[in-house]
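I have placed the structure first, in the form of structure tokens, so that the comments after it can refer back to it.
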Amino acid sequence: MAISAAKENILKRIRQALSNPVPLPFPHSEGAQSVFTPAQDDTAIIFAQEFTKLQGKFAFCPDAEDLKKQLALLIQERGWTKIYYREDPVALLLRGAKSSPDLASCDVSITGCECLVARTGTIVMSSAQQSGRTTSVYAPIHICVAYSNQLMYDLKDAFAFLKEKYQQGMPSLISFASGPSRTADIEKTLVTGVHGPKEVYCFLVEA
């Protein structure tokens, strides 16, 4: 089949272009690098700043004993009596206090987490935790206990951590909570606590 002169001219120009490629005008735009700049400050400081911007309440604990004291003081000050938890480490923190049997009517729930994302002030949780799917969502107030070795800078670091941890199969649910539940669906007025807890605390313990 004969090739027309116009088509032959186009193919010739393509061959010439391929033999003399033009450098990309934006060599770092191919998706191989993060679009976010690396952390300049300590990840704990970044997380605390971003988490509190999102109306989260942050507390730093230099060790486990300080965590127990701060947690006990908060529970006493707020008058919480119905405390819901399902994770063994939380039971140790509360010195054997009995967990509330009913999540729906509890005052507060306490959980651990998979990790924290500093850049977005996000708590990452999964259904693989003893607390399950609903503990951090249905309670009116959620307290998360995390450790400094669980801090990640960016979301991609959190995903890499989870893939490494759950090589045999990812949990059926992974949730990313950035502060209290918020919505502005009604007349663009921001309301908290509609789809989840209205208060979220994060106690970060130096590990």
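Look at SER148 and say whether it is in contact with a strand residue (DSSP E or B) (Cβ under 9 Å, 6 or more places away or on another chain), polar (S, T, N, Q) and closer than 25 Å to VAL205 by Cβ. The answer is yes for SER148. Residues that are in contact with a helix residue (DSSP H, G or I) (Cβ under 7 Å, 6 or more places away or on another chain), over 20 Å from ILE123 (Cβ atoms) and not aliphatic (A, V, I, L, M) within region 53-112 comprise just one, LYS68. Among the residues of region 146-173, those identified as touching a helix residue (DSSP H, G or I) at 6+ places or on another chain (Cβ under 7 Å) and not in a loop (DSSP other than H, G, I, E, B) are SER148, LEU151, MET152. Residues that are within 14 Å of the chain's Cα centre (by Cα) and closer than 17 Å to TYR201 by Cβ within region 97-114 comprise THR111, GLY112, CYS113, listed in sequence order.
Residues are listed down the side, and each one gets a yes or a no for (1) at pLDDT below 70; (2) closer than 27 Å to THR134 by Cβ:
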position: LYS7; (1), (2): no, no
position: ILE14; (1), (2): no, no
position: PRO38; (1), (2): yes, no
position: ARG78; (1), (2): no, yes
position: GLU87; (1), (2): no, yes
position: PRO101; (1), (2): no, yes
position: ASP107; (1), (2): no, yes
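The values are calculated or read from the model by the stated rules, or taken from the named source; none is laboratory data. All of these numbers come straight from a predicted model, not from anything done at the bench. Positions of Cβ are backbone-derived with ideal geometry, glycine not excepted, and every protein chain shown enters the neighbour counts.
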